[in-house]
Every structure is written in structure tokens, then in C-alpha cells.
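Visitor: Attaching a single structure in C-alpha cells format; questions to follow.
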Amino acid sequence: YLEPHASSTSELVTEIISYMAEKVKIPNVVAEALLAGITVDTKNFILQTGVRTFEAASILKRQGADSVEVKQLFRDNERTVKLKGDVVANSEIFRDRISIGILDEKIEESILIAAQAADEMLNINGIEASFVLTLNKNKIHISGRSLGQISVQLILEKLQGGGHLTSAGTQLETTMDEAIIMLKNAIDDYLKDDENESNSNR
């Protein structure tokens, strides 16, 4: 079942469940998992959120999903919070609207923390896209996030990565310094292509 305008798979699953019968009882843990999925994919009901997204959330609430329990699922330990804070605090603003950060810590969860830090950097005023680089298993991983004006997918595809408009990633077998240069070049190429396309549509 495909619906390009849906916010998430969780929204679609909730709709399908509600169509199965007039009276469906979803276990609380399932309802909370689905609500958590919607919350993550919409970045707290901000991106790709339509009327149907809120209707799905409403169904899940009526089925017993507890928003406080969902919030608890996203809590981090103190070390993770500090690491994310360090990435954001030491990030570089590139081309006025793109933030680039580095997670230096060599830990097992570095890729996950890098992705979360990229999300956090979108809270900075004027930032439309963010990238966080980290070293994991001898590869540089880049997590890209966007509010939708800039396609992190198209940028990271230039580095053999992929994803979608607002969330993408890639891996590079190179040094951190070289990876930053490659990323900046990919961003500049994207911005140049975007500018040329805008001019041709005028």
C-alpha cells in the first residue's frame, strides 16, 4: 500500500487497522509504538504533517497511547545529551544556511548520535539543512537532515549516498578532513544546480 503524501509507515498502518473493522482494540504498547513512529518521522508533527496525520494520532490516543510514555522512549542518557550538545556547539555554518558538525567520540552508538545531533542543529535559527560526520568502523559516516527547502538526498547522492528529501546518509572510506571537503563540494554543486534550475524556470 503506497501513499506518497503520508507522513510515515506508522500513519498508514494506523489507517489500515482502523479500516479492518468498526471496533478494533489495539494493545497500548502497539498504539504507543505507532504514535512514536509518527512522532519521529514528522519531527514532532512538523514535517509532512497533514490532517490525516493528526487523525491517525487521534485514533491511537483513543486506543490508549500515552504521550508521556512515547516521550520516555526518546529520552537519552546524560553522556549522549552532552555529546549531541558538543556537536551542535562546535558546528560550522556553511553558506549561511547549512550547519556541519563532527562527532569525534569513537563509540558504538556514534552513527545514531550523529543523526540525532543533525536533527538538533535544525533548531538553529536560519539553518535549513545540517550534516554530522563521525568515524565508525574505519569509515566516515555522514548523516544529513533538512527542513525541506534543501534536499539532503540530492547532496549525499553526489557522495554515493541516499535517503530522501529531509533525511539521508552516506559512508566514505577517507579521512575526516577529506570527507568535509568532499561534503562541501557536493553542497556547492547542489546549490549551483539548484540556482541554475531556478533561473531556467523564470
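Visitor: Is the stretch 125-202 best put as rounded, prolate or oblate by its Cα gyration tensor, with a ≥ b ≥ c the root eigenvalues, rounded for a/c under 1.5, and otherwise prolate when a/b is larger than b/c, oblate when not? Walk me through the numbers before you get to the answer.
Guide: Numbers: a/c = 2.23, a/b = 1.79, b/c = 1.24.
Prolate is the answer for the stretch 125-202, as a/c is 1.5 or above and a/b outweighs b/c.
Visitor: Mind grabbing the accessible area of residue 52 for me, 1.4 Å probe, Å², rounded to tens?
Guide: 90
Visitor: Calculate one ³J(HN,Hα) per residue across the stretch 47-58 by plugging θ = phi - 60° into the Karplus curve 6.51 cos²θ - 1.76 cosθ + 1.60, and present them in order as whole Hz with x for glycine and proline.
Guide: Karplus values, whole Hz, x for Gly and Pro: 9, 6, 9, x, 4, 5, 5, 5, 5, 5, 4, 5.
Visitor: Now for a different question. Given [x] 18.5, 65; [y] 18.9, 58; [z] 28.2, 87, which label gives Rg and Dmax of the Cα atoms in Å as computed from the coordinates?
Guide: [y]
Visitor: Which order do 176, 121, 20 take by accessible area at a 1.4 Å probe, largest first? Could you put the intermediate results ahead of the total?
Guide: Values: 176 40, 121 0, 20 140 Å².
Largest accessible area first, the residues go 20, 176, 121.
Visitor: I would also like to ask the following. If I take R0 = 41 Å and measure r between the Cβ atoms of residue 112 and residue 189 in this structure, what FRET efficiency does the formula 1/(1 + (r/R0)^6) give, to the nearest 0.05? Write out the running numbers ahead of the final one.
Guide: Details: r = 28 Å, r/R0 = 0.69.
Efficiency at R0 = 41 Å is approximately 0.90.
Visitor: Taking a ≥ b ≥ c as the square roots of the Cα gyration tensor eigenvalues, with a/c under 1.5 meaning rounded and otherwise prolate when a/b beats b/c, else oblate, which class fits the stretch 24-119? Provide the component values of the computation, followed by the final result.
Guide: Values: a/c = 3.67, a/b = 1.85, b/c = 1.99.
Judged from the Cα gyration tensor, the stretch 24-119 comes out oblate (a/c at least 1.5, b/c at or above a/b).
Visitor: What ³J(HN,Hα) values, in whole Hz, does the Karplus curve 6.51 cos²θ - 1.76 cosθ + 1.60 give for the stretch 135-148 when θ = phi - 60°, with x put for Gly and Pro?
Guide: 9, 8, 6, 6, 10, 8, 9, 10, 9, x, 9, 8, 8, x
Visitor: About the Cα centre of the stretch 74-202, how large is the charge dipole given +1 on each Lys and Arg Cβ and -1 on each Asp and Glu Cβ? Please answer in debye to the nearest 20. Mind showing how you got there, number by number?
Guide: Details: 14 positive and 22 negative charges, 36 e Å.
The dipole of the stretch 74-202 has a size of about 180 debye.
Visitor: Also: Near residue 158, which aspartates and glutamates are there with a Cα under 20 Å away, not counting those fewer than 8 places off in the same chain?
Guide: Once the sequence-local aspartates and glutamates are set aside, what remains near residue 158 is 128, 173, 177, 178, 188, 189, 193, 194, 195, 197.
Visitor: Over 32 Å between Cα atoms, which of 71/184; 61/137; 43/184 qualify?
Guide: In this structure, 71/184; 61/137 exceed 32 Å between Cα atoms.
Visitor: Over the chain, what is the relative contact order in percent, taking alpha-carbon pairs closer than 8 angstrom and at least six residues apart? The partial results should precede the final answer.
Guide: Details: 306 pairs, mean separation 23.8, N = 202.
About 12 percent, as a whole number.
The values are calculated or read from the model by the stated rules, or taken from the named source; none is laboratory data. Small disclaimer: the values here were computed from a predicted structure and weren't measured. Because the Cβ atoms are built from the backbone with ideal geometry, glycine has one as well, and the counts that use them run over all protein chains shown. Calculation scope for accessible area: heavy atoms of the full protein, side chains included, ligands and nucleic acids excluded. Shrake-Rupley method; radii C 1.70, N 1.55, O 1.52, S 1.80 Å.
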